[in-house]
Structures are given as structure tokens and as C-alpha cells.
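Novice: Please find one structure pasted underneath; my questions will follow.
The values are calculated or read from the model by the stated rules, or taken from the named source; none is laboratory data. None of the values given here were measured: they were computed from a predicted structure. A quick note on method: Cβ atoms are made from the backbone with ideal geometry, for glycine too, and the neighbour counts reach across all protein chains shown. The protein model used for the area step is the full one, side chains on, heavy atoms only, and it has no ligands, DNA or RNA in it. Shrake-Rupley method; radii C 1.70, N 1.55, O 1.52, S 1.80 Å.
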Amino acid sequence: MARDPGRRADQRLETVQANAKLTIDHAIATLEQNHRQIRATIQKHCDASARAKLETGLNLIEQDLKLVKLKSLESDSKRLQTSKSPVC
């Protein structure tokens, strides 16, 4: 019984996509954790003037992280829709 090379390629692609998703999720979680730690350090060790300047930058980083998470979720949604669509 011959194996279907197309099916094996699909399985490999699904595995690569799942691994990439895990890597992206882990990277986002790490960035969020670092962001929280930096924010806490700034609150603890900086004077009000420095804190205000640094908070502005951290707020921009926080917005970027939210955007990355949103794009990751959109990508997941598109991938799921594609994998569930019937093959013609």
C-alpha cells in the first residue's frame, strides 16, 4: 500500500504551522513578562520625571504587543478557516 505524498506534505505543513504558533505565543508571553518587569522596575527606581518619559515608551510598546497578539489571533482564525474549508 503506497503512502500519499500529498497527505504527508500536508501533515508536515500542519506540524510546522503548529510549532510556529507555539513559538510565536511563547515569544509574545516572554515580551509581555519583560514589559511588566521593566514597568515595575521603573516604578520602583526612577524619579517622577524619568518615570513619565519611560512610561510613554512603555505605553507604545504595550500597544505594539496588543497589535501583535491581535494579528496572531487573526492568523490563527484564517488558518483554521482554511483547514476546515472543503477541498474541491
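Novice: Under a point spin-label approximation (7 Å from Cα along Cα-to-Cβ), what is the D25-L70 distance to one decimal in nm?
Specialist: Between D25 and L70, the label points sit 2.2 nm apart.
Novice: Expressed as a whole percentage, what fraction of the accessible surface of the chain belongs to carbon and sulfur atoms when a 1.4 Å probe is rolled over the protein heavy atoms?
Specialist: Values: 4400 of 7360 Å².
Solvent-exposed carbon and sulfur of the chain make up 60 percent of the total.
Novice: Any idea of the accessible area per residue across the chain, 1.4 Å probe, to the nearest Å²?
Specialist: On the way: 7360 Å² over 88 residues.
Here the residues of the chain average 84 Å² of exposed surface.
Novice: Kindly express, to the nearest 10 degrees and within the range 0 to 90, the angle between helix 48-84's C-alpha long axis and the longest C-alpha principal axis of the chain.
Specialist: For 48-84 against the chain, the angle is about 10 degrees.
Novice: Compute the helix-to-body angle for 5-45: its Cα long axis versus the longest principal axis of the chain, expressed 0 to 90° and rounded to tens.
Specialist: 10
Novice: Treating only the Cα positions of the chain as identical point scatterers, give the base-10 log of I(q)/I(0) from the Debye formula at each q in 0.21, 0.25 Å⁻¹.
Specialist: Computed log10 I(q)/I(0) values: -1.02, -1.20.
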